[in-house]
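Written out below as structure tokens is the structure these notes cover.
Taken together, the values in this text are just the output of simple stated rules run on the coordinates, not laboratory data. What you are looking at is a predicted structure, and each value in this text was computed from that prediction instead of being measured. All Cβ positions, even for glycine, are placed from backbone atoms using ideal geometry, and neighbour counts span all protein chains on display.
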Ligand SMILES: Nc1ncnc2c1ncn2[C@@H]1O[C@H](COP(=O)(O)OP(=O)(O)OP(=O)(O)O)[C@@H](O)[C@H]1O
Ligand SMILES: [Mg+2]
């Protein structure tokens, strides 16, 4: 459903990501791994149409996204859960979630999506009036993912799922991501913790200094000597 062909992206004169080709299928979880500064966030920004500079082809369900602004890409069905979650700290959970619904016009549609988020994350339902800035890290991540789901995406880009979270919290989030996939939503997951990434995803891509150097099923990646050495510590 998503296909990148020879995508290069960066900031002004600085090219961070070079000649990346990558694809995500229907109802599939794909992971993107790589060390700090490899360009993972930049690549997700390129897909979302918010990288300052991007060349190459980005197709989504057969449509070329290259010249579309960010909000049009949301409308096409791609949601972005940014690194660091970026919630509006003084606003309630509910209001943060509603920020994700800016492309949906009918009240019934918005209500339906809000109920879906509360069903996936009962914790958010319980605390809907609480200010986002007072939430635990895990709850903030739930809220950020929930906000993404409010635009009714077919694909969700998640940048650093587990960052700063306790293992049990991450396990719970991981289970919910599987539910989200089962709802028919594909996920492109950027994740530092390769064990979690490989558990969730069916395929993966290694980004090394802005280029894809290893591609395969997560079972293959787990056995790859380069990945084992650098990321699994074996
Ligand atoms: N706004 C910016 N302007 C200029 N350069 C930037 C900007 N944002 C990121 N970069 C540079 O782009 C490179 C890749 O950064 P990016 O955030 O995409 O990496 P990453 O793989 O997401 O890293 P991390 O694992 O630390 O999140 C880095 O060298 C970084 O300094
Ligand atoms: Mg990043």
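In table form, for the structure just shown:
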item	result
Debye log10 I(q)/I(0) at q = 0.10, 0.11 Å⁻¹ for the chain, Cα point scatterers	-0.44, -0.53
Cα-based helix-to-principal-axis angle, 107-120 vs the chain, degrees rounded to 10	70 degrees
Percent RCO, i.e. relative contact order, over region 29-149, from Cα pairs under 8 Å lying at least 6 residues apart	26 percent
Label zone at residue 131 (point 7 Å along Cα-to-Cβ), backbone N below 15 Å, region 91-121	91-96
Normalised contact order of the chain, rounded percent, pairs of Cα under 8 Å and 6 or more residues apart	27 percent
Relative contact order, percent, region 114-234 [alpha-carbon distance under 8 Å, six or more residues apart]	18 percent
Max mean-square fluctuation residue, GNM over the chain, Cα-Cα springs under 10 Å, options 152, 223, 191	223
Computed helical MRE - 222 nm, the chain, DSSP H runs ≥ 4 contributing -39500 (n - 2.57), nearest 500	-10000 deg cm²/dmol
Nearest-0.05 FRET efficiency for residue 63 and residue 115, computed from C-beta distance (R0 22 Å)	0.15
Global geometry of region 16-59, whether rounded, prolate or oblate, following the gyration tensor of its Cα atoms and the 1.5 cut on a/c	oblate
Using alpha-carbon coordinates, inclination of helix 137-149 to the longest axis of the chain, degrees	90 degrees
Choice from 181, 85, 105 showing the highest fluctuation, given a GNM over the chain with Cα pairs closer than 10 Å	105
DSSP beta bridges in the chain [antiparallel fraction, %, rounded to 5]	60 percent
Helix 167-182 axis, angle to the chain major axis (alpha carbon atoms, nearest 10°)	90 degrees
